[in-house]
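Each remark here refers to the structure printed beneath this line.
The values are calculated or read from the model by the stated rules, or taken from the named source; none is laboratory data. Just so it is clear, the model here is predicted, and its values are computed rather than measured. Virtual Cβ from ideal backbone geometry, glycine too; neighbours counted across all protein chains shown. To get the accessible areas, we keep the full protein, side chains included, count just its heavy atoms, and leave off ligands, DNA and RNA. Shrake-Rupley method; radii C 1.70, N 1.55, O 1.52, S 1.80 Å.
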Amino acid sequence: MKTIYVDNNATTSIAPEVYEAMVPYLTSEYFNPSSMYTPAQRVAQAVTRARGEVASFLGGVSPDEILFTSCATESNNLAIQGVIRAGSGRRHIITTAVEHPAVYEVGKDLARSGYDVTFLPVNRQGQLDLADLVHALRHDTLLVTVMHANNETGVIFPLEELARVVKETDPAIVVHTDATQTAGKLPLHLTGALKHVDLLSFSGHKLHAPKGVGALYVRRGTRWRPTLIGGHQEKSRRAGTENVPYIIGLAKACELAQREHEAESEHIRRLRDRLEQTLLEKIPYVEVNGREAPRLPNTLNLSCHYIEGEGILYQLDAHGICASSGSACTSGSLEPSHVLRAMKVPFTAAHGSVRFSLSRYNTDEEIDAIIAVFPGIVANLRRLSPYWDTTHNRPRPEAAAMARESGEK
C-alpha cells in the first residue's frame, strides 16, 4: 500500500536537493567550525554562506541578525525569554488564544510567574480583530507575540498591519512572530512589508529541511538578551556547537523555497481547493474551519459533525493516508484543541476535525485517493454515533440543537 502523506504542517520530507547539500558535512566535512585549522575554517565559511542564504530568504536582512537554533520551539523561547531578560521593567505581554503551544504554553507559564498576559480572542473564522489589539496595548506592554499563520487552520493573521499599529502606538514595544507555518509558503520580507517585526522564528522541518534546525531573526537594536549561555557561537547569542549539516540543509531549503515559491503555491492551492470543494459536495454536515478567512494555500481543516477525529485518523491510516486531527484526542486528551475552542467551533464538530496539509510533492492521484475513501469513512463512523439518525441520514434533532447552542456560546 502506498503511503499518502498529507500532514505537512506537522513535518515535511527532506527535499533531495537538501539531502545532497548536507551529505558532505555528514561525512568528509565533519570539522568543528570553531576550530582554527584550515579544514574547520572551510566548514565555518559554509555556515557563513548558509547564514547569508537565510538572510536573503527573509527579505535581505543582515546575516548578523540570523541565529541558528535547534527548532522553532527553541527560537520562540529564545525570543520571548530574551526580551524578558533584557529587563525594561514592563510586565505586560500580548499574545493570542490560538498560538502554537511553543508560544501559548510560554504565555501561560509567564502568567503563573507574575506577568500580566493578554490572550487576544479570535472570531468564528479564526481571525483577529485589530481593535482588540489596540484596546489591549498599555503603557507597560513589553512584548506582542502573534503567529503569522495558524498551524491547525492555516488562517493568516494581518501581521504587517498589526506590527505597524504596535510600533506607531509605542516604538518601545517588541514585536515577535512565530512564522513556522508561513516560511516557504508566504513571502517574509523583513526589510519591506514586515519591517516593523523585531523577532521572527521558524523551523527547517516545515519547508523540506531536516528536523532539528531552526532560525531566529533578531533585528539589530532590539532590546533582547541571550538565554543560552556558554561558548562564543552565534556571536555569543546562542551557545553550543553549530549543527553544521542541518544548517546547510536549512539554507538549501530556503533557497529552493525562494526560487520556486510561486509555482509551488499555485500547484498546492489547486490541489487543496479541489479536495475541499469535492468533500464539501459529497459529505453533509461538514464545514471548513477558517474558510472565510485568508488561509495558507496548503491547509484544509475540516470539521465533520457528530463523529470523533480519532476514529477518522485510524480509518485514514488503514488506507495509507497520513493526516492529523484538530482534536488533541490523539495525544490522550478528550478535549478538542484550544484553537477550535477559541474559535467557538461547536463541540459536535470540534471533536470531529481533521487537517489535511499538502506540499509540493502531493499529486492529483493522491487527492483522488483521499476523495475516494473519505466520504465513506465519515458515513461509517456516523452509523456508530449516538448523535446520528441512520434511518434518515441526518443528525438527531436533539443533537442538532446541542450543536447550535454550543456554537452560540
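Given the criterion open to solvent by 40 Å² or more (accessible area, probe 1.4 Å), in contact with a helix residue (DSSP H, G or I) (Cβ under 6 Å, 6 or more places away or on another chain) and farther than 19 Å from Ile248 by Cβ, identify the matching residue among Thr3, Thr95, Thr73. Just one listed residue meets the conditions, Thr73.
Here's the yes/no breakdown for (1) under 21 Å from His189 (Cα atoms); (2) under 15 Å from the mean Cα position of the chain (by Cα); (3) not basic (Lys, Arg):
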residue	(1), (2), (3)
Leu110	no, no, yes
Tyr115	no, no, yes
Phe119	no, no, yes
Leu137	no, no, yes
Met147	yes, yes, yes
Glu152	no, yes, yes
Val155	yes, yes, yes
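The rows are residues; the columns are (1) within 21 Å of Gly154 (Cα to Cα); (2) not in a loop (DSSP other than H, G, I, E, B).
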{"residue": "Ala172", "(1), (2)": "no, no"}
{"residue": "Gln181", "(1), (2)": "yes, no"}
{"residue": "Val197", "(1), (2)": "yes, no"}
{"residue": "Lys235", "(1), (2)": "no, yes"}
{"residue": "Pro245", "(1), (2)": "no, yes"}
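For the stretch 247-262, does any single residue satisfy the condition of being open to solvent by 20 Å² or more (accessible area, probe 1.4 Å), under 23 Å from Asn362 (Cα atoms), in contact with a strand residue (DSSP E or B) (Cβ under 9 Å, 6 or more places away or on another chain) and not in a loop (DSSP other than H, G, I, E, B)? Within the stretch 247-262, one or more residues are open to solvent by 20 Å² or more (accessible area, probe 1.4 Å), under 23 Å from Asn362 (Cα atoms), in contact with a strand residue (DSSP E or B) (Cβ under 9 Å, 6 or more places away or on another chain) and not in a loop (DSSP other than H, G, I, E, B).
Taking into account only those residues within the stretch 333-381 that are in a helix (DSSP H, G or I), open to solvent by less than 10 Å² (accessible area, probe 1.4 Å) and in contact (Cβ under 8 Å) with a residue 60 or more places away in the chain, which is nearest to Ala10 (Cα to Cα)? Show your work before the answer.
First pass over the stretch 333-381, keeping only residues in a helix (DSSP H, G or I): 338-342, 347-350, 364-381.
Now narrow it down to the ones that are open to solvent by less than 10 Å² (accessible area, probe 1.4 Å): 339-340, 348-350, 367, 370, 374, 377-378.
Those left that are additionally in contact (Cβ under 8 Å) with a residue 60 or more places away in the chain: 339-340, 349, 367, 370, 374, 377-378.
Values: Val339: 16, Leu340: 17, Ala349: 22, Ile367: 19, Ile370: 19, Phe374: 20, Ile377: 23, Val378: 23 Å.
Ranking the candidates gives Val339 first.
Any residue at all in the stretch 98-113 that is at positive phi, out of contact with any Cys (no Cβ under 8 Å at 6 or more places or on another chain), open to solvent by less than 50 Å² (accessible area, probe 1.4 Å) and at pLDDT 95 or above? Taking every residue of the stretch 98-113 in turn, none turns out to be at positive phi, out of contact with any Cys (no Cβ under 8 Å at 6 or more places or on another chain), open to solvent by less than 50 Å² (accessible area, probe 1.4 Å) and at pLDDT 95 or above.
Of the residues Glu281, Glu292, which single one is farther than 30 Å from Leu67 by Cβ, not polar (S, T, N, Q) and not in a helix (DSSP H, G or I)? First the steps, then the outcome.
Working: Glu281 fails: not in a helix (DSSP H, G or I).
From the options Glu281, Glu292, the qualifying one is Glu292.
With respect to the conditions (1) out of contact with any strand residue (DSSP E or B) (no Cβ under 6 Å at 6 or more places or on another chain); (2) in a strand (DSSP E or B), Asn301 lacks only one, and its number is (1). Please find, among Thr95, Thr153, the residue that is modelled with pLDDT of 95 or more and in a strand (DSSP E or B). It is Thr95.
At pLDDT 95 or above and within 23 Å of the chain's Cα centre (by Cα): does that describe Ala40?
Values: at pLDDT 95 or above: yes; within 23 Å of the chain's Cα centre (by Cα): no.
Here the answer is no, as Ala40 does not meet what is asked.
Scoring Ser353 on the criteria (1) under 18 Å from Glu152 (Cβ atoms); (2) modelled with pLDDT of 95 or more leaves a single failure, condition (2).
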